[in-house]
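Have a look at the structure below, then the notes.
The values are calculated or read from the model by the stated rules, or taken from the named source; none is laboratory data. Predicted model only: the values in this text are computed from it and were never measured. Cβ atoms come from the backbone with ideal geometry, glycine included; neighbour counts cover every protein chain shown. Please note that ligands, DNA and RNA were not included when accessible areas were found on the heavy atoms of the full protein model with its side chains. Shrake-Rupley method; radii C 1.70, N 1.55, O 1.52, S 1.80 Å.
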Amino acid sequence: FVPSAVTAVPLPMGGWHRTATALGRLLGLSGDDISDRTGFGRLLERTSAGLTFEIDVGWVVAAGYDPTSVFELLGDRLVSVHVSDVAIARRFPRTYRSTSPGEGIVDLSGAVAAARETDAEWLVFEDDTAADPAGTIQRGIDLLGGEVPVEERPRSR
C-alpha cells in the first residue's frame, strides 16, 4: 500500500533532537550507555580480550558518545586512539564530515588528556582534509604536547 499523498509536519528547530531525546528517556536509553544498547557493546561482550580496538574520537563524538566513556569501556582492549575532528555537514538528517582537527565539534584537548590516561599504545593525529601538510603536522605535534616518540628501526640495505 502506497498512500497517494504524504503530509509532513515540520518540527521547530531542534525538534528532532528533543523528540529523539524524549524517546530515549522513555526507552531508558542514555547517551553514554554503549555497553548493552549498541552493536558495538554487543561486539565487546561477545568477543575475547584478544580482540583489540582502534578508536577515532571524531566518529565517537559524531555517534553521540563521549570518548572518555568509550575508553573506559574498552579498558586494556584499546590499543590506538585516532585524534581527529568532525563537523556537522547537514542538520537533518544529521550527518558529519571529517574536518581539520580544531575546526570541528570535538574537544580535542579533553580527548587527548583522556587518551593519555589509558593504556593505549598509540595516539595518532589524523587530518583527512589537510590543505597545508606542514601546518597540519605542527598542529599535531602541538596538540599531542610535543611528545612524539620515534621508534628506532634498522635501515634497509
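When the residues of the stretch 69-86 are filtered to those that are part of a strand (DSSP E or B) and closer than 20 Å to ASP142 by Cα, the one that is most open to solvent (accessible area, probe 1.4 Å) is HIS82.
When SER109 is tested against (1) surrounded by fewer than 18 Cβ atoms within 10 Å (Cβ to Cβ); (2) closer than 22 Å to LEU43 by Cβ; (3) polar (S, T, N, Q), just one condition goes unmet, and that condition is (2).
Restricting attention to the stretch 17-61, the residues that are out of contact with any helix residue (DSSP H, G or I) (no Cβ under 6 Å at 6 or more places or on another chain), surrounded by 12 or more Cβ atoms within 10 Å (Cβ to Cβ), at pLDDT 65 or above and not β-branched (Val, Ile, Thr) add up to 9.
Between ALA120, ALA115, ALA89, the distinction of being in a helix (DSSP H, G or I) and at pLDDT 90 or above belongs to ALA115 only.
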